[in-house]
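One structure below.
The values are calculated or read from the model by the stated rules, or taken from the named source; none is laboratory data. Not measured: the values here are computed from a predicted model. So basically every Cβ, Gly included, is an ideal-geometry build from the backbone, and we count neighbours across all protein chains shown. Calculation scope for accessible area: heavy atoms of the full protein, side chains included, ligands and nucleic acids excluded. Shrake-Rupley method; radii C 1.70, N 1.55, O 1.52, S 1.80 Å.
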Amino acid sequence: MTDIFDRIKQDHDKARELIGQIEDTTDRAAKTRQELFDRFKLELWTHNKVEEATFYARLEQKGDEDESLEAKNEHHMINSLIEELDTMPKDNTEWGQKFHALAELLDHHMEEEEGEFFTLARKDLSDKEAEDLGQRFDSRKKVVDGRCVRHAPGGDILHLVNSAGPPGCAGASTRPLCRNAQQRARQSWRKST
């Protein structure tokens, strides 16, 4: 069975892979950069929201509010850089340099989570709690992923990202696709906990 630590690490590894693919692009590969960046934004947004609702919430319940707040603030800084990158042309060196800065910040964040936060949480969580939290993470992520695919016309992730509001979308807010979708997602999350 996969516990919360393995689950988060799996998402981090996927993010690292996408970062590597994006950093391997050149200024002339604007279309490829855009496609990879859109996937990256959606993966990261989904991960962050679910991580905050499960892992960070549990850290807070266990009395580790400072660590949770620090991680949420890092998510906010990451989202701000994503928003900047999203509005910039993908076919220039400036975009590549700014993305590299984002990659370094994200790498620091993931290393800190996998090191300090995991060590702290392992002291606070029993093996059973860690496994249950891993299941809750998976359940909530499936709900978010499922809502995203169902609400995007033709499964078009670009449309989803631009209308659902994950950070980093030009002109998008962080509002959900629709109020009913948000309510259904909350109901599904409650059932999964």
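Where helices (runs of 4 or more DSSP H) fall entirely within the stretch 1-85, those with at least 3 residues that are in contact (Cβ under 8 Å) with a residue 24 or more places away in the chain, out of contact with any Leu (no Cβ under 7 Å at 6 or more places or on another chain) and over 30 Å from D127 (Cβ atoms) are at 30-51. Looking across the stretch 130-148 at every residue that is of a type in the set (D, E) and at pLDDT below 95, the one that is surrounded by the fewest Cβ atoms within 10 Å (Cβ to Cβ) is identified as D145. Among the criteria (1) at pLDDT below 90; (2) in contact with a Cys (Cβ under 7 Å, 6 or more places away or on another chain), the one H151 does not fulfil is (2). Could you go through the stretch 91-98 and let me know if any residue there is outside any helix (DSSP H, G or I) and over 19 Å from R58 (Cα atoms). Yes, there is a match, as at least one residue in the stretch 91-98 is outside any helix (DSSP H, G or I) and over 19 Å from R58 (Cα atoms).
Set side by side, the residues R33, R39, R7, R58 differ, and just one is within 23 Å of D145 (Cα to Cα) and touching a Phe, Trp or Tyr at 6+ places or on another chain (Cβ under 6 Å), which is R7. For residues in the stretch 97-115 being open to solvent by 80 Å² or more (accessible area, probe 1.4 Å) and within 19 Å of the chain's Cα centre (by Cα), which is nearest to F5 (Cα to Cα)? The extreme case among them is E111. Considering (1) over 21 Å from Q10 (Cα atoms); (2) at pLDDT 90 or above, the lone condition that A121 does not fulfil carries the number (1). From the list A121, A130, A53, the one residue that fits, being under 16 Å from the mean Cα position of the chain (by Cα) and either over 17 Å from I4 (Cβ atoms) or not polar (S, T, N, Q) (or both), is A53.
Condition first: within 12 Å of the chain's Cα centre (by Cα) and under 19 Å from E111 (Cα atoms). Now tell me which residues in the stretch 17-40 satisfy that. Hit for the stretch 17-40 is F40, nothing else.
Against the definition (open to solvent by less than 30 Å² (accessible area, probe 1.4 Å) and modelled with pLDDT under 95), how does L42 come out, yes or no? Answer is yes for this residue.
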